[in-house]
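Please read the structure below before turning to the comments.
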Amino acid sequence: MPNENALKQRSNNSCELCTATNNLSVYPVPPTSDLSAQQCVYICDTCQKQIDGEAELDMNHWRCLNDSMWNQEPAVQVISYRMLHKLSAESWAQDALDMIYMEDDVKTWAEQGIAAEQREGPTRDSNGAELHDGDDVTLIKDLKVKGANFTAKQGTLVRGITLTDNPEHIEGKVNGTRIVLVSAYLKKA
Ligand SMILES: [Zn+2]
């Protein structure tokens with residue numbers, strides 16, 4: 001483990017994601033090579049448990065990413081990016097992902113972690129049913145379509161979807177426009 005004191009100092013003794021001051025510990029950001037302070041973040045156990053999937057994701061807790069994504073430490077940017085990606089069904093998280101700025105090598109690091117996670121598991125709809133290319137799905141809630149100026153209404157049928165590299169997203173045509181849809185907001189028709 002790296003020198004905890006260096007991280008304490010860097011973080012001003014507070015969680016580098018949510019600024020909590022209790023139950024802080026060093027968290028190596030995978031994949032790490034030397035476990036130096038540059039490859040670790042100093043975070044609270046609330047953040048850590050949700051990052052590791054030991055606790056349910058609390059959407060409101062992660063609003064802190066709107067601030068932490070601007071942290072100058074690459075390791076903090078990487079964790080923020082990955083968590084925003086996990087939460088990308090939320091429109092505020094999508095907006096943050098559109099705005100986040102990272103150097104190319106930092107972005108590569110951030111995406112390595114995401115790619116590793118995505119190798120797990122198929123694309124599933126809101127009921128956990130597996131989705132395949134060519135399936136028809138319906139929307140289970142109104143979705144504002146970014147970039148296009150309309151809202152896809154709940155109940156809209158989307159025919160012949162295409163899977164993407166990301167199991168959380170599929171592509172389909174709504175109102176004649178090809179858009180990315182969040183799998184969790186769909187139901188197999
Ligand atoms: Zn925290």
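The values are calculated or read from the model by the stated rules, or taken from the named source; none is laboratory data. Since this is a predicted model, take the numbers as computed values, not measurements. Neighbour counts run over all protein chains shown; Cβ positions are idealised from the backbone, glycine included. Side chains are part of the model used for accessible areas, which takes the heavy atoms of the whole protein and leaves out ligands, DNA and RNA. Shrake-Rupley method; radii C 1.70, N 1.55, O 1.52, S 1.80 Å.
Things to note:
- Pair list, Cβ < 9 Å and 6+ apart or interchain, from the stretch 133-153 residues that are within 12 Å of Ser183 (Cα to Cα) and at pLDDT below 95 to residues that are outside any strand (DSSP E or B) and acidic (Asp, Glu): Ile140/Asp125
- Where a residue in the stretch 5-20 is assigned by TED's automatic domain parsing to the domain that holds Asp58 and its partner, wherever it lies, is surrounded by fewer than 15 Cβ atoms within 10 Å (Cβ to Cβ) and assigned to a loop (DSSP other than H, G, I, E, B), with Cβ under 6 Å and at least six apart: Ser14/Thr21
- Hits in the stretch 28-60 - residues which are in contact (Cβ under 8 Å) with a residue 12 or more places away in the chain, touching a helix residue (DSSP H, G or I) at 6+ places or on another chain (Cβ under 6 Å) and among the hydroxyl-bearing types (Ser, Thr, Tyr): Tyr42
- Of the residues making up the stretch 137-156, at least one is among the aromatic types (Phe, Trp, Tyr) and either over 30 Å from Pro31 (Cβ atoms) or touching a strand residue (DSSP E or B) at 6+ places or on another chain (Cβ under 8 Å) (or both).
- Among helices (runs of 4 or more DSSP H) entirely within the stretch 1-107, having at least 1 residues that are closer than 28 Å to Val145 by Cβ, open to solvent by less than 40 Å² (accessible area, probe 1.4 Å) and more than 16 Å from the ligand (Cβ to nearest atom) singles out 74-86, 91-99.
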